[in-house]
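What follows is a set of notes on a single structure, which appears directly below.
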Amino acid sequence: MGTQPETLAGVADIDCTGRQALVTGSTSGIGRAAALALGRLGADVVVHGRDEQAGSAVVEELSRTGADASFFRADFTDSDAVRELAAAVRAETDGLDLLVNNAGALFRNGGLTDRGVGRTFHVNHLSPYLLTTRLLDHLEPDARVVTTASAAHTGAELSLDRVRGEDGLTGLGAYSHSKLANVLFAAELARRFETTGRDITSNSVHPGAIPGTGFGRFLPGPLPGLLRRLEAVPGVTSVADGAAELLFVGVSPRVEGVSGRYFADQRSQSPSRAARDKAAARRLWRESAAMLDIEVPLPTDGDTADDRTAPADS
């Protein structure tokens with residue numbers, strides 16, 4: 001139970017000195033554990049979350065490891081806040097060697113964000129999409145992008161018309177759909193890196209079902225209490241186990257050069273049929289840009305002329 005994530009990931013001997021990492025959603029749960037582990041490995045870490053006090057506490061812990069650490073607050077339901085986060089990261093760092101898109105949520109009762117889409121989809125997909133694309137030219141050669149997905153994507157089908165409006169997906173259905181979007185996004189980002197000649201990798205990760213993350217507070221009915229009881233059950237995935245999954249894909253030499261994959265249990269695994277749909281991934285990529293009113297990032301010949309000339313981001 002007390003084993004550190006870097007040991008569980010088999011990367012405790014990896015020297016990350018000089019590397020710069022951004023871990024979103026790193027004031028608690030697996031993001032916090034992964035950020036602290038990266039600091040112990042020598043990386044400099046940008047911490048992100050919504051809670052200033054919690055963020056300051058993580059920065060203080062990182063500083064005790066000798067890491068250069070900073071915290072930036074950003075609410076992922078707010079597109080402008082994500083843009084400001086990207087600008088702050090660009091100003092704070094010389095370039096990113098590791099971007100971990102870990103922040104996520106499940107909103108029981110739906111609700112729409114400033115872009116007119118469901119909050120769960122916006123926080124879990126649109127904001128990581130926007131942040132990543134705003135940092136594309138800030139990623140170092142051989143950088144890695146890791147996106148926290150979930151086995152909850154299984155069974156979902158991409159349905160972008162159902163993320164808009166008050167009658168769209170809510171609850172666990174919205175969460176599963178957003179996790180499918182995470183897998184599709186990571187794979188499409190990998191393909192576009194390859195097509196445009198960028199030696200950067202992009203993968204998605206299922207960190208496990210983890211009671212200790214606090215995620216249960218978003219769940220309906222008796223589920224939060226059930227998850228709290230599961231924390232005491234031997235064999236249930238721990239926060240350290242979940243953080244190890246992120247570290248494995250983000251740091252391990254075994255994943256060097258591997259891109260466009262979905263990882264679980266520190267192995268490349270096959271996601272659902274819907275998550276392997278390349279046409280759906282391209283559609284998600286283009287329509288996400290349209291939802292955010294930005295140009296299609298990393299355009300390829302597969303994009304239409306209209307997509308490539310969408311309104312510029314301001």
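Since every read-out is calculated from the coordinates, none of them should be taken as a lab result. Note that the structure is predicted; figures quoted are calculated from it, not measured. Don't worry about glycine lacking a Cβ; one is built from the backbone with ideal geometry, like all the others, and counts go over all protein chains shown.
Of note:
- Looking at the stretch 18-308 alone, DSSP beta bridges between its own residues are antiparallel in about 15 percent of cases.
- Shape call, the stretch 1-45: gyration tensor on alpha carbons, a/c limit 1.5: oblate
- Among 254, 144, 164, residue whose mean-square fluctuation peaks in a GNM of the chain (springs only between Cα atoms under 10 Å): 254
- Of 23, 59, 102, farthest towards positive along the dipole that unit charges on Lys, Arg, Asp, Glu beta carbons give the stretch 19-123: 102
- Cβ-based charge dipole, the chain, positive-most Cα from 93, 281, 294: 281
- The stretch 156-215: C-alpha gyration tensor shape, a/c 1.5 cut-off, then a/b vs b/c: oblate
- Think of each Lys and Arg Cβ as +1 and each Asp and Glu Cβ as -1; about the Cα centre, that makes the dipole of the chain roughly 1020 debye.
- Under the membrane-span-like helix rule (DSSP H runs whose alpha carbons stretch at least 27 Å along the helix axis, mean Kyte-Doolittle hydropathy -1.0 or higher), the chain yields 171-195.
- Classification of the chain by its C-alpha gyration tensor yields a rounded form. The axis ratio a/c (a ≥ b ≥ c) stays under 1.5.
- Net +/- balance of residues flanking residue 110 in space, Cβ distance below 12 Å, scoring K and R +1, D and E -1: +2
- Across the chain, C-alpha contacts under 8 Å between residues 6 or more apart give a mean separation that, scaled by the residue count, equals a relative contact order of 18 percent.
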